[in-house]
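The values are calculated or read from the model by the stated rules, or taken from the named source; none is laboratory data. Here the structure is a predicted model, which is why all the values come from computation and not from measurement. So basically every Cβ, Gly included, is an ideal-geometry build from the backbone, and we count neighbours across all protein chains shown. Only protein heavy atoms, including side chains, enter the accessible area calculation; ligands, DNA and RNA are left aside. Shrake-Rupley method; radii C 1.70, N 1.55, O 1.52, S 1.80 Å.
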Amino acid sequence: MGNDPQTFPKTTDPAAWEPDDLERSEAWRHEFTGGELAELLASARDGRDGEPRRAPDLPLLASQMARTARELKAGLGLRVLRGLPAGRLNHREVAHAFAALNQRLGQPVEQPGGVKLAHVRAEPGDNGKLGFRATGALPFHADPEDVIGFLCLRPALKGGIRRFASAATVYNILVTEHPDLLQVLTRPYHVALTHPHPDHGHRWTRLPFLSIRDGVFHACAYPVHIRQAQRLAGVPELTAAQTRALDVFNTVADQVAVSLELEPGDVEYFNNHVILHTRTRFAGGGAGRHLLRVWLSVAGFRPLHPEHPIRLGRRINRAGAG
């Protein structure tokens, strides 16, 4: 892209949807049928230690999971599956059912805290060290893996409303209304990493917040990681323009977002490269909000910037394996 802000092209990515588009579409949501639930309940009881002993056969669910995979990769970028009777299962069985679905989409990878299945809930004494265990509101963001999946065990007693938006739609609005800020967002920001960079050893990399690579839209919408990087050595302070660009991005995302009330047993998946999510502040403690979360790596998903955490992680893993 050139320096003239008027040269930014709009994206025609199928994930560039607006709320009215979701209202008219059934592609992103599905209610489990009786037969599909029977398969899930069977898989829920066929496992140990949070993972099924093997990838279960799910002949009735196979088409729905294939459709979910297509929507995530090349469609609206999200899918919500509803109706798992979580209240009739113990937590181990719910985790097995969730894993059976996840295995049809990708490979679970490690999350902060060193787990592959995270419990998203307020934890006494955590003090917000891990964002998914805090109770405060979050900015619109994505997580640094291909797909994020959630299964609701319990909604919040108060607050905790989940909202999501299309980063591609936000980009298209910025093309028209704020090309000067798009100029900033398509240049690299410093982003904190979980592991040292394989080239320079620092726990940060540099990524454009928004970009189009090989004709494919891509958002590295990691405002939390950008803020974390501000505390690291060698990272310059955010400029006023960078801060304003992030603030306006969040404001526009809020204007085109959809709210979704999760019920126990609801499962939702987002393509982290095109879909933003957030949640409002909620009341913690007691039998409050509790979700299961998984990060999935999906082969051949979307072209990634060479400095993206996924590609850097693969380099680190290959070096470690050698």
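With runs of 4+ DSSP H residues as the only contributors, calculate the mean residue ellipticity of the chain at 222 nm using -39,500 (n - 2.57) per run, divided by the residue total and rounded to the nearest 500.
Values: 9 runs with 96 residues, N = 322.
When only DSSP H runs of four or more count, the value is -9000 deg cm²/dmol.
Return a whole-number percent for the relative contact order of the chain, with Cα pairs under 8 Å and 6 or more residues apart as the contact set.
30
Whenever you get a sec, line up Arg203, Arg70, Arg29 from highest to lowest accessible area (probe 1.4 Å, protein heavy atoms).
Arg70, Arg203, Arg29
Accessible area per residue, 1.4 Å probe, Å², for the chain: what's the number?
Working: 14550 Å² over 322 residues.
So the chain comes to 45 Å² accessible per residue, rounded to a whole number.
To the nearest 10 degrees, how steeply does helix 240-255 sit against the main Cα axis of the chain, on a 0 to 90 scale?
With rounding to tens, the tilt is 40 degrees.
Could you tell me what percent of the accessible area of the chain is made up of carbon and sulfur, with a 1.4 Å probe and every protein chain present?
On the way: 7240 of 14550 Å².
Solvent-exposed carbon and sulfur of the chain make up 50 percent of the total.
Could you give me the ³J(HN,Hα) list for the stretch 192-200, computed from phi with Karplus coefficients 6.51, -1.76, 1.60 and θ = phi - 60°, whole Hz, x at Gly and Pro?
Residue by residue, the stretch 192-200 yields 5, 10, 6, 10, x, 4, x, 9, 10 Hz.
May I ask you to derive the FRET efficiency for Ala62 and Asp254 from their Cβ-Cβ distance with R0 = 45 Å, giving the value to the nearest 0.05?
Details: r = 37 Å, r/R0 = 0.83.
After rounding, the FRET efficiency stands at 0.75.
Take the alpha carbon gyration tensor of the chain, find the square roots of its eigenvalues, order them as a ≥ b ≥ c, and report rounded if a/c is under 1.5; if not, report prolate when a/b exceeds b/c, else oblate. Numbers along the way, then the final one.
On the way: a/c = 1.58, a/b = 1.43, b/c = 1.10.
It comes out prolate by the Cα gyration axes.
How far apart, in nm, are two points set 7 Å out from the Cα along the Cα-to-Cβ line at Asp247 and at Asp180?
The two pseudo-label positions are separated by 1.4 nm.
Please report the accessible area of Ser63 (heavy atoms, 1.4 Å probe, ligands and nucleic acids excluded) in Å², nearest 10.
That residue has around 80 Å² of solvent-accessible surface.
Place +1 on the Cβ of every Lys and Arg and -1 on the Cβ of every Asp and Glu in the chain, take the dipole about the Cα centre, and give the residue among Leu84, Ser43, Val274 whose Cα lies farthest towards its positive end.
Of the listed residues, the answer is Ser43.
What angle, in degrees between 0 and 90 and rounded to the nearest 10, separates the Cα long axis of helix 62-74 from the longest principal axis of the Cα atoms of the chain?
Roughly 10 degrees between the two axes.
How far is helix 91-102 tilted off the main Cα axis of the chain, in degrees rounded to 10, range 0 to 90?
For 91-102 against the chain, the angle is about 60 degrees.
What does the accessible area of Glu263 come to, in Å² to the nearest 10, when a probe of 1.4 Å is used?
Surface open to solvent at Glu263 totals about 100 Å².
If I ignore ligands, DNA and RNA and count only protein heavy atoms, how much of Thr194 is accessible to a 1.4 Å probe, in Å² to the nearest 10?
Per-residue accessible area (Thr194): approximately 100 Å².
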